[in-house]
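Peer 1: Before I ask anything, here is the structure I am working with.
The values are calculated or read from the model by the stated rules, or taken from the named source; none is laboratory data. No experiment lies behind these values; they were computed from the predicted model shown. Here the Cβ is made from the backbone with ideal geometry for all residues, glycine too, and neighbour counts use every protein chain on show. Protein only, heavy atoms only, side chains kept; ligands, DNA and RNA dropped before computing areas. Shrake-Rupley method; radii C 1.70, N 1.55, O 1.52, S 1.80 Å.
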Amino acid sequence: MASTASPYGFKAVNELGGLPYAGSTRTFLIDPAGYNTNIFNGSIVAINTSGYINIVTTNGDNSTPFPAGTIGVFVGCSYYNAQGQLIFSQYYPANTTGVVQAFVIDDDRTVFQAQSAGSVTQAALGANLYLNAVQSTSTGSTTTGNSTSALVAGSSAQTAAAAFRVVGFVNSTTSQVGDNFTDVLIKFNPSFHSYTVALGI
């Protein structure tokens, strides 16, 4: 049972329709002058107006939607350290300079697993959820490199526009529908993903 809060960001599970997630990502750049915020594996990211990847710093509800450039979920990066060694990192360390390539799951039909900050019941299936708190340079662990972003509790599920649609639940020996901190399956809603929103960056 998911009885303790242990959020882990967003983890790809499969494609909408049930096809297995094959691990595909797209490569984007992070500002070579140095972006001042950690980006953790499992964080929601966006393309900014300069064409670089930033962490999303709104919670994706109806009043504070994601930016038009929201492109998907960050799953690591590569860069050269001061000794000229190519580093593959689970997370982007803030203020890293030079050429930094970010690996992002950008398919808008990907189904992700995430933990809620409270119980989500069966009645939330088909409803919309958003982030429990905005992401920041501390929304994750520099030890594991993983995000600690979570969804709001099921009591906040809504029909109004929000970032994610609930498409299922994780039913296993460690997680069931209605647990104290329910593991939920979600996908991006069209108006919150760059590939399906009409507004450009």
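Peer 1: Just the number: Rg to Rh for the chain, Cα atoms, Kirkwood Rh, two decimals.
Peer 2: 0.97
Peer 1: Here is a follow-up. Heavy atoms of the protein only, probe of 1.4 Å, neighbouring chains included. What is the accessible area of Arg165 in Å², nearest 10?
Peer 2: Surface accessible to solvent at Arg165 totals approximately 90 Å².
Peer 1: Can you give me the accessible area per residue for the chain, using a 1.4 Å probe, in Å²?
Peer 2: I get 44 Å² per residue for this part.
Peer 1: Got a number for carbon plus sulfur as a percent of the chain's accessible area, 1.4 Å probe?
Peer 2: 53
Peer 1: If ligands, DNA and RNA are left out, what is the accessible area of Asp179 with a 1.4 Å probe, given in Å² to the nearest 10?
Peer 2: Near enough 10 Å² of accessible area.
Peer 1: Can you give the extra length, in nm with one decimal, that the chain gains between Ala82 and Thr174 once fully stretched, where that is 0.36 nm per residue apart less the Cα-Cα distance? It would help to have the intermediate numbers written out before the result.
Peer 2: Details: separation 92, 0.36 × 92 = 33.12 nm, distance 4.27 nm.
Roughly 28.8 nm would be gained on extension.
Peer 1: Between Leu125 and Glu15, 0.36 nm times their residue separation minus their Cα-Cα distance comes to what?
Peer 2: 37.9 nm
Peer 1: Expressed in nm to one decimal, what extension gain is obtained for the pair Thr144 and Ile201 from 0.36 nm per residue of sequence separation less their Cα-Cα distance?
Peer 2: So the extension gain works out to 17.3 nm.
Peer 1: Roughly how big is segment 37-192's charge dipole about its Cα centre, with Cβ charges of +1 (Lys, Arg) and -1 (Asp, Glu), in debye to the nearest 20?
Peer 2: Computed about the Cα centre, the dipole is about 60 debye.
Peer 1: Just for the chain, what percent of DSSP beta bridges are antiparallel, to the closest 5?
Peer 2: Antiparallel: roughly 95 percent of the beta bridges in the chain.
Peer 1: Please report, to two decimal places, log10 I(q)/I(0) for segment 9-105 at q = 0.14, 0.21, 0.23 Å⁻¹ as given by the Debye formula with identical point scatterers on the Cα atoms and no solvent.
Peer 2: Ignoring solvent entirely, the Cα scatterers give -0.53, -1.06, -1.20.
Peer 1: To continue, here is another question. Using Cα-only point scatterers and the Debye equation, what is log10 of I(q)/I(0) for segment 63-151 at each q in 0.13, 0.18, 0.19, 0.24 Å⁻¹, rounded to two decimals?
Peer 2: -0.57, -0.99, -1.08, -1.44
Peer 1: Follow-up question, since we're still on this one. In whole angstrom, how far apart do the alpha carbon centroids of segment 58-119 and segment 1-57 sit?
Peer 2: 3
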